[in-house]
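To keep things clear, I will list the structure first and then write my remarks on it.
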Amino acid sequence: MATVINKIRAAVADQTPCFISTPNTNFVIVSLIDSVFRNSVIHSDLCVADGMPIIWIARLLDLPIKERVSGASFFEVLREERTKVPLKVYFFGGIDGVAKKAHARLNAEGRNMVSVGFESPGFADISSMSDPSSIAKINESQVDFLVVALGAKKGQAWIDQNRHKLNIPVVCHLGAVINFVAGTIKRAPMTFQSLGFEWLWRIYQEPKLWQRYFHDAQHLFNLLVNKVIPYAVWIRLNRKLLREQSNIQVDLQVQESKLLVRLDGSCLAQNLAELRFTLAEKLNDGYDIELDLANVKIIDSAFIGFLMLLYGYTEKSGQKLSVININDINKKIFDWNCASFLLGV
């Protein structure tokens with residue numbers, strides 16, 4: 001939590017863009033079937049795990065995600081903290097009247113968070129909600145933190161489409177937060193939150209949500225059975241292999257408009273520093289990147305995470321990323337990590 005708060009503070013102080021995504025179970029499920037939504041998460045400047053199933057899966061897979069940081073929680077910390085300069089927020093979305101109510105209630109509190117504007121665009125399409133007048137209104141408010149509440153798919157798409165038109169530091173889709181601030185919905189008690197049962201409280205508050213949670217639970221079960229558990233078992237059977245300490249040999253060759261990157265060694269979390277440094281020096285040269293993994297013995301989730309960030313960068317820059325010559329076990333690790341899209345599959 002402290003890391004997230006500090007990043008938000010730094011973005012506001014320096015006026016640097018910070019697009020925050022808050023993946024929960026629904027984000028994970030939708031990302032598996034919707035490439036536009038998945039890319040919006042990859043394009044984010046900061047992602048936090050807003051769902052206990054993500055934490056539980058991380059523990060199974062030995063991933064360094066230790067703490068659930070929900071969007072509602074870090075917003076509440078910002079709302080409660082005492083600072084010399086008030087944090088300016090703007091509410092964009094919610095059903096008719098809720099943004100206005102959130103705006104009024106927040107300003108009536110007299111805390112060090114103030115609302116400088118609101119807009120409820122209703123059920124319009126993304127194009128209609130992206131008209132120049134709406135963007136100009138947000139920019140003219142000189143907001144520090146734009147709270148978007150349009151439904152996860154539409155909200156992420158709207159942010160990804162408009163983030164470079166917004167002259168503001170922090171933007172995040174926080175669907176339920178606007179309702180919590182407005183007082184139309186109460187957040188779950190801390191006991192429910194800590195046990196991972198906040199979803200039960202949400203269904204109690206909003207019964208129509210049961211269908212979404214049921215749908216997500218079905219897909220989560222399939223994900224656990226077909227991807228997470230097999231990978232967790234494999235990890236436990238191959239710990240010695242995954243602890244290998246060796247530098248990755250990186251060979252770079254420019255071939256017309258393409259940078260061919262041949263890797264040799266074990267592409268594991270503890271060995272990635274040199275690879276990150278070497279590629280960072282070449283990213284701004286504008287080449288398409290082709291990674292040759294013919295001599296890569298083994299990979300892990302950290303390497304796949306690195307490739308996802310590289311994919312996001314190249315996609316935004318109009319470059320292409322391709323991965324070739326992968327052995328069978330590494331292909332399986334891509335599959336277990338739901339990252340076969342990086343292989344063009």
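The values are calculated or read from the model by the stated rules, or taken from the named source; none is laboratory data. All of these numbers come straight from a predicted model, not from anything done at the bench. Because the Cβ atoms are built from the backbone with ideal geometry, glycine has one as well, and the counts that use them run over all protein chains shown.
Residue-level analysis places G155 among those that are among the small types (G, A, S), surrounded by 20 or more Cβ atoms within 10 Å (Cβ to Cβ) and under 24 Å from the mean Cα position of the chain (by Cα).
Considered as a group, the residues in the stretch 158-197 that are touching a residue at least 24 places away in the same chain (Cβ under 8 Å) and of a type in the set (D, E, K, R) include one that is surrounded by the most Cβ atoms within 10 Å (Cβ to Cβ), and that residue is D160. Restricting the stretch 222-245 to residues that are among the basic types (K, R) and assigned to a helix (DSSP H, G or I) leaves a set whose member that is surrounded by the most Cβ atoms within 10 Å (Cβ to Cβ) is K227. When I185 is tested against the conditions (1) touching a helix residue (DSSP H, G or I) at 6+ places or on another chain (Cβ under 8 Å); (2) of a type outside the set (S, T, N, Q); (3) in a helix (DSSP H, G or I), the lone failure is (3). Among residues of the stretch 115-134 that are in the same structural domain as R163 (by TED's automatic domain parsing) and farther than 14 Å from I95 by Cβ, those with a Cβ under 8 angstrom from a residue that is of a type in the set (S, T, N, Q) and not in a helix (DSSP H, G or I), sequence gap 6+ or separate chain, pair up as V116/S141; V116/Q142; G117/S141. Residue check: A104 meets all listed conditions (1) over 20 Å from I20 (Cα atoms); (2) in contact (Cβ under 8 Å) with a residue 12 or more places away in the chain but one, namely (2). Cβ-Cβ contacts under 7 Å between residues 6 or more apart (or on different chains), taken from a first residue in the stretch 288-311 that is farther than 19 Å from N327 by Cα to a second residue that is in a helix (DSSP H, G or I) and of a type outside the set (A, V, I, L, M, F, W, C), are listed as I289/T314.
Does any residue of the stretch 79-92 turn out to be part of a helix (DSSP H, G or I) and either crowded, with 21+ Cβ neighbours inside 10 Å or among the small types (G, A, S) (or both)? No, the conditions are met nowhere in the stretch 79-92.
Here is a yes/no grid of residues against (1) outside any helix (DSSP H, G or I); (2) touching a strand residue (DSSP E or B) at 6+ places or on another chain (Cβ under 7 Å); (3) modelled with pLDDT under 90:
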position: Q193; (1), (2), (3): no, no, yes
position: I203; (1), (2), (3): no, no, yes
position: L209; (1), (2), (3): no, no, yes
position: L220; (1), (2), (3): no, no, no
position: N247; (1), (2), (3): yes, yes, yes
position: S266; (1), (2), (3): yes, yes, no
position: N284; (1), (2), (3): no, no, yes
